[in-house]
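Notes to accompany the following structure.
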Amino acid sequence: MKTINLSGLDMNYYVETLDNGLEIYMLPYDNKKNYFISFATRFGSEVIEFKDEKQISHKLPLGIAHFLEHKMFEQESGEDPFTFFSKSGTGCNASTSFDNTQYICYGNKKFEENLEYLISFVNDPYYTDSNVNKEKGIITEEINMYEDMPDIKLEMELRKNIFHKHPRRIDIAGTVEEINKITKEDLYNCYSNFYIPNNMFILIVGNFNKEKAVEIIKKKLDYKKKEQLPEIEQVEEKDEIKKSKTEITSNIEIPKLAYGLKIPTKNLKLDSVELDLYLNILTTILFGASSEFRERVRNEKIVNGIHTEWENLEDFRVFYLMASTKEPDKLEEEIKDEISNLSITESSFNRIKKVWIANEIRMIDNIDATVNNLYDDILKYGSIISDRIDKIKSMKLKILEELIKKIDFKNTSIVQMLPK
Amino acid sequence: MKYTKKDLGSFGLHLINTDKFKTITVKVIFHTPIQKEEITKRAVLTDVLLQSTEKYNSKRNLTIKAEDLYSAEIGTSNQRIGNYIFTSFILQTLTDDHTEKGNVEQSIEFLSEIIFHPDVEEKSFQKDKMDLAKYNTVVALSSIKEDATHYSIMRMAEAYDKTSPVSYRMTGYLEDLEKITENNLYETYQNMINNDYVDIFVVGDFDNKEMTSLIKKYFKFKKIKKEKESYYLNAKKPRKRRLFAKETIDNTQSKLAIACPISKMTDYERNYSLVLANLIFGGGSDSKLFKDVREKNSLCYTVYSLINKLDNLLVITAGIDKNNFNKTVDLITKNLNEMKKGHFTNEDIEIAKEFYHTSLEAIEENENAIISEYLFEEILGLDSIKERSEKMNKVKKQDITKVCKKITMDTVFLLEGVKNEDN
């Protein structure tokens, strides 16, 4: 077991990798009662075609990763995992994203039994024609629910503008038509190819005994063999955005605007973690709570709340900005104006660094937030970043300025959502 | 965790010592009996107070000040709790150990600046700042249907009883917004500062004596206010026949929302039997509603019930296809009747109790949960965590069926999705 210090936070995390490739990440706390366990696979909605070990190609119905996640809760014994966890008052859930699926449980009792059960139920798929069909009604209503959420529709529309072929232009849950095609054979096929130890990891945070945790995981999973990872069909995605502007209508009263910036990363020459820090500080200074931009658009009564987010892909970074605004044209102009007249002061650069360091220290108090951050690290960078505070401290304005020169800030797309 | 209460005359100071956090949390709570026409004013007022102060003349300067205090966070909220409105200001800041000497004091001073030194001239707020806050309220009011579940519950409550505080919209009302001026908003502010009951909660690792003197130094209220109205709403008598109400929305999914008043509950039922009844019936992902309506009949993705014990109300909500409306309502009715007849197992009860114990134990892990705990112990005379844990263990099956018999499905509201249909 490897011990790694989280610098500046006075805590250690531990990593163990089984012979079959399964990774275990653990961050124990000595002053908390609760714990959180995630069992995850690097299989999400963006896998739409793959070749198995025999080089046979499989094209998948859209939304199958999410469908599989729902069906994981079906057990041959008939026992409902929710019921099992409820017996100790433990919460349980699962979620599917573009590039991963995770099964979680959290509580403050019976850690060992719950860890063992979480592994067991994700280990034992049980799909039948009838239980697969039954799920279609439930997932149809889930898709309909998201379909009625204007902010989600807006983001999906922007994704369609940004990506030519990349599956991130497709909704994670798929479509009603596609999920209705799913069969139990499809599910078993995805399960046997992607739910293999060397494509999975376990993350545990909170109140638990790390030696005991590893012992249980080994007992349950050591027998599994390393398998050949399936070859995921990679689509060739162009550097340029697909479409620069779209207007759509929806059942809303206040218009919405979404802005996206697509950045190909191959020539940026920064390591992935640093690149993300610099891109993030750039948009925080430009559009964050204490930015001049925010003050201006607020005072002109163009917009109050803004949601921003960065997305990591293998060869791209994409920035999303979304807001409700009575004046989408004016907001669009303001954003473009801000981007084309970039000016970053040393004082705002240093202030944001100070804020980020403080936030790292605060965040570690909160188990849920910590879990999310560590989980993101593992997916994005392949491991937990242990020296983030040092990295923030050593950020230099000059490097940001160099980076800015290499980015094409015109590679953007806009979606305006207007009332019907 | 150690709790100390100090009566400082014009307000109650509640100190909770815990070494679980690297931050200090301070929550200043103003509370007063709710009046419908005050809600919009409070929404605008809390927004305006965060736009600027005497010392920091813009939201940007305010935000920069908070960032300089090592990313101190300041927020406000307006909440209805039974018959009362709670207007809260909350500060969270890193302790001096993790920053520098004086950070906590400066942060508390900053919070008091926001509450006591608003950006006011000649007994009026600045018009431009107030207009910004009004604009934000307009946006919030106009976006109300975007969260269809929330909107359906709101409309259901209005159909249930539009004279009761249960139906009050905490986002506010457009007609009240138009009446707000920079001058009468200042009166609202004065009224809150001078006449509301005030409680201040502090959670974190600190010395009680030092913290008390810090709070005394920065928070001074003039009046001593003692008399209190009840927090509980009167239980409404259910209708003889169920009321069905409907509204259409340009959505794909329909939202079902049902109001179930609970008559003549005792305090014991309110705090114990009802909590378990709800967990078994529709409160969790192991509930009867989840298993039957979702898992067995595939009618929905979300279905759950929640209780508001101060309102004597149980609310059920589900996202469904409109063609399944009757079937869903029938299944919900069937499940509620089964609860009344005691058609649930001892294991169901044990699971619900376990769930409750876990949530009690989780309180001390979260600052907001800690504050709510002591607040409700104080204002509602709730038993302590330990007492609740013991009493909950003693709840019997007949206690649960007894309270279920007091629940009536009264108002059934459907927000009907009619997307892609001709009107």
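Laboratory data are not the source of any read-out in this text; all were calculated from the coordinates shown. Not measured: the values here are computed from a predicted model. Every residue, glycine as well, gets a Cβ built from its backbone with ideal geometry; the counts of neighbours run over all protein chains shown.
For this structure, a couple of remarks:
- Residue (of A:26, A:9, A:149) at the positive-pole extreme of region A:2-232, dipole from beta-carbon charges: A:9
- Computed FRET value (nearest 0.05) for residue B:121 with residue A:299, which takes r as the C-beta separation and R₀ as 22 Å: 0.75
- Zone residues, region A:298-315, relative to residue A:272, backbone N less than 11 Å from point 7 Å out along Cα-to-Cβ: A:312-315
- For the protein assembly as shown, the mean residue ellipticity at 222 nm estimated from helices alone is -12500 deg cm²/dmol, where every DSSP H run of n ≥ 4 contributes -39500 (n - 2.57) and the total is divided by all residues, rounded to the nearest 500.
- Here residue B:109 and residue A:342 are evaluated by their C-beta separation; at R0 = 30 Å the FRET efficiency comes out at 0.25.
- Debye intensity ratio in log₁₀ form over the Cα atoms of region A:2-232, taken at each q of 0.12, 0.13 Å⁻¹: -0.74, -0.86
- Nearest-ten-degree value, helix A:328-340 long axis tilted from longest Cα axis of chain A: 80
- Gyration tensor (alpha-carbon) shape descriptor, region A:272-392, a/c threshold 1.5: prolate
- Compactness index (Cα Rg / 2.2 N^0.38 Å), region B:243-417: 1.08
- Charge dipole (debye, nearest 20) of chain B; +1 at Cβ of Lys and Arg, -1 at Cβ of Asp and Glu: 1980
- Overall, region B:259-314 carries a charge dipole of about 100 debye about its Cα centre when +1 sits on the Cβ of Lys and Arg and -1 on the Cβ of Asp and Glu, all other atoms neutral.
- Selected from A:290, A:265, A:303, residue furthest toward positive end of dipole (region A:163-320; charges at beta carbon): A:290
- The shape of region B:2-218 can be summarised by an equivalent ellipsoid whose semi-axes, obtained from the alpha carbon gyration tensor, come to 31, 21, 17 Å from longest to shortest.
- Axis angle, to the nearest 10 degrees, between helix B:346-362 and the longest C-alpha principal axis of chain B: 10 degrees.
- Set of aspartates and glutamates with alpha-carbon distance to residue B:394 below 13 Å, sequence-local pairs under 8 removed: B:269, B:350, B:354
- Violating pairs (Cα-Cα greater than 18 angstrom) within the set A:245/B:145; A:269/A:398; A:59/A:160: A:245/B:145; A:59/A:160
- Efficiency of FRET from Cβ geometry, residue B:345 and residue B:372, R₀ 30 Å, rounded to 0.05: 0.45
- Rounded to the nearest 20 debye, the dipole size of region A:296-406 about its Cα centre is 500 debye, using +1 on the Cβ of Lys and Arg and -1 on the Cβ of Asp and Glu.
- In summary, the convex hull built on the alpha carbon positions of chain A has an orientation-averaged projected area of 21.3 nm².
- Centroid-to-centroid separation of region B:159-222 and region A:186-262 [C-alpha atoms, Å]: 44
- Mean-position separation - Cα centroids, region B:55-104 and region A:270-343, in angstrom: 24
- Region A:343-420 shape via C-alpha gyration tensor axes, a/c threshold 1.5: oblate
- Shielding score for A:144-155, defined as the mean number of other chain Cβ atoms within 10 Å: 5
- Cα Rg, Dmax, region B:268-365, angstrom units: 13.9, 45
- Most positive-pole-ward Cα, B:331, B:371, B:284, against dipole of region B:279-423 from beta carbon charges: B:331
- Selected from B:308, B:208, B:323 as most flexible by GNM, with chain B as the system and alpha-carbon contacts under 10 Å: B:323
- Rounded if a/c under 1.5, otherwise prolate or oblate - the protein assembly as shown, Cα gyration tensor axes: rounded
- Folded to 0 to 90 degrees: helix B:127-142 orientation relative to chain B principal axis, Cα: 10
- Per residue of peptide A:134-141, the mean number of Cβ atoms on other chains within 10 Å of the residue Cβ is 6.
- Here, P(r) means the percent of Cα pairs in each 10 Å bin from 0 to the largest distance; for chain B it is 4, 19, 26, 26, 18, 7, 0.
- Candidate cross-link partners of residue A:33 among the lysines, defined by an alpha-carbon separation under 21 Å and a same-chain spacing of 8 or more, comprise A:87, A:109, A:110, A:210, A:212, B:2, B:20, B:22, B:353, B:386.
- Whole-Å semi-axes of the ellipsoid equivalent to region A:125-182 (Cα gyration tensor, √5λ, descending): 26, 14, 7
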